[in-house]
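Heads up, the thing below is written out as structure tokens.
The values are calculated or read from the model by the stated rules, or taken from the named source; none is laboratory data. As the structure is a prediction and not an experimental result, all values here were calculated from the model. Cβ placement follows ideal geometry from the backbone for every residue including glycine, while neighbour counts extend to all protein chains displayed.
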Amino acid sequence: MVKLTIDLIARGTSGYTKKKRDESMQQYLKRLTHLYLEDRSIDEVGEDLSMCRNLTVLYLYDNQLLKIPVLHHNQHLTMLYLQNNDIHKIENLSPLTRL
């Protein structure tokens, strides 16, 4: 069982969005637009994604999610990759009008 944490979010970024030395974790999370969390055995997504308010693309495929995470704080999402999880019901997506 792997729960999504801020540490896992920090490791799920590509080279051009790495945390800068003088940047606080809060500033860094707010700056993220793309988050790569595929194939990490994640089965639970808590409130940590709410701090990533500028996310436009979220890669959560090939994990062990049972439901779509609540992403109402991530209003800028345009792409959400959830394939190859164990999700049986499509829900929690209505607030994401840009998706």
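Residue count for region 40-65 under the criterion of being surrounded by fewer than 18 Cβ atoms within 10 Å (Cβ to Cβ) and not aromatic (Phe, Trp, Tyr): the result is 15. Entry remark, region 51-65: residues being among the aliphatic types (A, V, I, L, M) and within 22 Å of Gln27 (Cα to Cα) number 4 in total. Whenever a residue of region 66-83 is modelled with pLDDT of 95 or more, its partners that are β-branched (Val, Ile, Thr) and not in a loop (DSSP other than H, G, I, E, B), lying with C-beta atoms within less than 9 angstrom and at least six residues away or across chains, give the pairs Leu77/Val57; Thr78/Val57; Met79/Val57; Leu80/Val57; Tyr81/Val57. Among the residues of region 50-71, those that are closer than 17 Å to Arg98 by Cα and outside any loop (DSSP other than H, G, I, E, B) comprise Ser50, Val57, Leu58, Tyr59. Looking across region 66-99, the residues that are under 20 Å from Thr56 (Cβ atoms), surrounded by 13 or more Cβ atoms within 10 Å (Cβ to Cβ) and aliphatic (A, V, I, L, M) come down to Ile68, Val70, Leu71, Leu77, Leu80, Leu82, Leu93, Leu96, Leu99. Total residues in region 42-72 satisfying the condition of being polar (S, T, N, Q) and touching an Asp or Glu at 6+ places or on another chain (Cβ under 9 Å): the figure is 2.
Candidates Asn74, Asn92: the one that is more than 11 Å from the chain's Cα centre (by Cα), in a loop (DSSP other than H, G, I, E, B) and not small (Gly, Ala, Ser) is Asn92.
Could you tell me whether any residue of region 14-30 is touching a residue at least 12 places away in the same chain (Cβ under 8 Å), assigned to a loop (DSSP other than H, G, I, E, B) and either small (Gly, Ala, Ser) or at positive phi (or both)? Yes: one or more hits.
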